[in-house]
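The values are calculated or read from the model by the stated rules, or taken from the named source; none is laboratory data. In this text the structure is predicted, and so the values were computed from the model without any measurement. A quick note on method: Cβ atoms are made from the backbone with ideal geometry, for glycine too, and the neighbour counts reach across all protein chains shown. In case anyone asks, the SASA skips ligands and DNA or RNA and just uses the protein heavy atoms, side chains included. Shrake-Rupley method; radii C 1.70, N 1.55, O 1.52, S 1.80 Å.
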2 protein chains.
Amino acid sequence: MTSVRRLVYNVSMPDDSRPFERATLPQNAAGQLRQMIFDGALAPATRLNERVLCERLGISRTPLREALRMLAAEGLVRVEPNRGAIVAPIERADIEATFEVLGALEGLAGELACARIADAELAEIKALHFEMRAHHARGDRAAYFAANQAIHARIAAAGGNAVLAETFEKLNARVKRVRYAANLGHARWDKAIAEHDDMIAALSARDGRALRAILEAHLAGKRESVLAAFAAEHSAAAYD
Amino acid sequence: MTSVRRLVYNVSMPDDSRPFERATLPQNAAGQLRQMIFDGALAPATRLNERVLCERLGISRTPLREALRMLAAEGLVRVEPNRGAIVAPIERADIEATFEVLGALEGLAGELACARIADAELAEIKALHFEMRAHHARGDRAAYFAANQAIHARIAAAGGNAVLAETFEKLNARVKRVRYAANLGHARWDKAIAEHDDMIAALSARDGRALRAILEAHLAGKRESVLAAFAAEHSAAAYD
DNA sequence: CGGAATTTATTTGTATACCAAAACAACAAA
DNA sequence: TTTGTTGTTTTGGTATACAAATAAATTCCG
């Protein structure tokens with residue numbers, strides 16, 4: 001049972017600046033569902049029966065439906081009138097399109113980050129980078145994945161553009177599951193690591209132009225590996 | 001009473017490809033609220049009292065709350081636990097951040113569009129362009145605005161990247177109200193028109209690099225004029 | 001026997017009533 | 001003016017009911 005380790009590295013998705021963040025039930029439910037979708041407990045195209053989910057989450061229909069609407073607006077779920085919700089299916093085109101946008105967004109973020117990042121934040125990203133390399137050295141994919149995601153989220157955030165960071169997170173969420181599923185081969189993995197080294201170098205040097213190029217290339221590479229894994233999985237297990 | 005003319009140019013926001021689109025109440029309500037927010041009937045920071053809105057829209061609380069959640073996920077509304085929803089306030093930083101992202105997105109879209117756009121779609125954009133110039137010549141701001149928005153939406157769509165177009169639309173929606181409020185002076189307006197001419201030229205020539213640069217600059221210009229108007233309005237009517 | 005028509009069972013969409021807890025407002029007291 | 005205190009309103013959530021739409025099961029017919 002490969003239950004992906006719960007994201008260890010906090011990146012403070014919404015502003016958790018307020019003390020004692022009281023979550024409302026729909027927010028909670030949405031969070032749980034998100035997690036289930038990420039680690040595959042809810043596969044794409046799975047019907048989301050309200051009754052069943054209500055029991056499973058221990059809430060009533062009203063907040064559940066609100067949660068589903070939220071997820072729908074995020075693109076993780078699709079609601080069809082009178083037919084209910086399903087986990088949003090991902091197609092090849094979606095992956096391509098999403099990574100294309102992610103590349104542009106993170107490219108911009110990198111450029112901004114080089115101009116604006118504080119030393120402390122840079123240090124933290126470096127620390128994460130070396131932790132990630134440690135996980136890579138040990139071959140611990142889950143931990144590597146989490147650290148990797150954290151780094152990218154922090155770069156997205158380091159641009160100091162909240163809208164950018166938020167948009168990046170939301171889009172990234174849509175492909176997170178396939179990202180993790182893409183168990184990269186050693187060659188690609190090593191290449192990714194090398195690219196990360198370059199990223200850190202460019203960021204340290206505050207070379208925005210370079211970082212943007214690296215990030216765009218990195219995302220493109222990631223896209224290819226994800227697409228490959230996606231294609232493989234789909235030829236192996238043909239549902240239709 | 002400046003009630004902005006209802007968007008004349010369809011850009012097919014969500015896929016209205018299916019015939020007889022039955023809308024569910026929450027979707028409907030969300031649409032109406034969106035419109036009210038766009039044309040200022042609901043100003044930023046307005047409390048959205050459930051009871052009142054239920055009456056106004058003629059629906060019950062259940063679907064209304066779902067609609068509010070949807071709008072919240074889109075960033076048009078903010079729901080604070082136990083405190084209800086308000087129309088999302090916009091601050092200077094939000095405008096800057098949003099336009100920064102919009103610039104990157106539309107830049108990418110432009111580049112993609114140059115590579116992929118079909119002649120028919122290019123012709124349509126050209127047609128819209130000249131309509132827009134006509135509105136400009138007559139000084140019809142509302143019509144100009146609508147045509148302008150339509151052009152940008154079509155460019156965003158012409159990249160053939162659905163995720164990109166969708167993301168652009170959603171982010172643009174957040175600043176649409178201030179965009180319209182920014183009643184550009186003649187100088188800026190003429191400049192915008194000139195930039196649009198350049199856009200069309202670059203798109204016709206399929207010069208992706210150039211179009212990207214033009215679009216990024218255009219958005220930056222738009223940002224400045226919006227910021228100026230925003231600042232002016234805020235010094236004039238100081239609420240606090 | 002296989003497909004079409006029809007009945008039946010589920011499920012969704014929405015409304016309503018109800019309640020607790022939180023927020024807000026009004027007002028008295030220091 | 002600030003601080004308590006006390007109603008009042010509003011929100012968050014549950015439970016229930018029911019029509020309409022979908023999906024499933026069943027019957028009917030060629």
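If exposed means no more than 12 neighbouring beta carbons inside 10 Å and the site is in a DSSP loop, what's the longest run of chain B without any exposed chymotrypsin sites (Phe, Trp or Tyr not before Pro)? That gives B:21-238 as the longest site-free run. Per 10 Å bin, what is the whole-percent P(r) computed from every C-alpha pair distance within chain A? Taking every Cα pair in chain A, the percentages come to 7, 30, 35, 21, 7, 0.
Could you state the angle between the C-alpha long axis of helix A:141-158 and the longest principal axis of the C-alpha atoms of chain A, as a value from 0 to 90 degrees rounded to the nearest 10? With both axes taken from Cα atoms, the answer is about 70 degrees.
Each Cα pair of segment A:126-213 feeds into the Kirkwood radius, which the Stokes-Einstein equation turns, at 25 °C and 0.890 mPa s, into a diffusion coefficient of 178 µm²/s. Measure nothing but the geometry: give the 0 to 90° angle between the long axis through the Cα atoms of A:208-236 and the longest principal axis through the Cα atoms of chain A, rounded to 10°. That works out to roughly 40 degrees.
Rounded to the nearest 0.05, the FRET efficiency derived from the C-beta distance between A:Asn82 and B:Ala118 at R0 = 30 Å is 0.30. Under 18 Å from a label point set 7 Å out along the Cα-to-Cβ vector of B:Asn28, the amide N atoms of segment A:62-80 belong to A:80. If the viscosity is 0.890 mPa s and the temperature 25 °C, what Stokes-Einstein diffusion coefficient in µm²/s follows for the protein assembly as shown when Rh is the Kirkwood radius over Cα pairs? The estimated diffusion coefficient comes to 103 µm²/s.
Taking the C-alpha atoms only, the angle from helix A:61-74 to the longest principal axis of chain A is near 40 degrees.
Among the GluC sites (Glu not before Pro) in segment B:88-142, those placed in a DSSP loop whose Cβ has at most 16 other Cβ atoms within 10 Å are B:Glu91.
Placing a label point 7 Å from Cα along the Cα-to-Cβ axis, B:Arg92 is separated from the same position in the other copies by 5.0 nm, shortest listed first.
Identify the trypsin sites (Lys or Arg not before Pro) of segment B:61-141 meeting these criteria: DSSP loop state and at most 15 other C-beta atoms within 10 Å of the C-beta.
Answer by residue number: B:Arg83.
Name the shape class, rounded, prolate or oblate, that the alpha-carbon gyration tensor gives for segment A:25-87, where a ≥ b ≥ c are the square roots of its eigenvalues, rounded holds for a/c under 1.5, and otherwise prolate holds if a/b is larger than b/c and oblate otherwise. Judged from the Cα gyration tensor, segment A:25-87 comes out rounded (a/c under 1.5). The distance separating the Cα centre of segment B:65-85 from that of segment B:168-198 comes to 27 Å.
The A and B chains share an interface that buries close to 2700 Å² of accessible area, total over both sides, probe 1.4 Å.
Tell me the per residue accessible area of chain B using a 1.4 Å probe; a whole number in Å² is fine.
48
Each label point was placed 7 Å from the Cα along the Cα-to-Cβ direction; for A:Ala43 and B:Asn49 their separation is 5.1 nm.
Only lysine pairs 8 or more places apart, or on different chains, with alpha-carbon atoms under 25 angstrom apart are counted in the protein assembly as shown, and they number 19. Placing unit charges on each Cβ (+1 for Lys and Arg, -1 for Asp and Glu) gives segment A:28-115 a dipole about its Cα centre, and among A:Thr98, A:Ala73, A:Ile59 the Cα reaching farthest toward its positive end belongs to A:Ile59. Using r as the Cβ-Cβ distance of B:Lys126 and B:Ala194, and R0 as 25 Å, what FRET efficiency do you calculate, to the nearest 0.05? Result of the calculation: an efficiency of 0.95.
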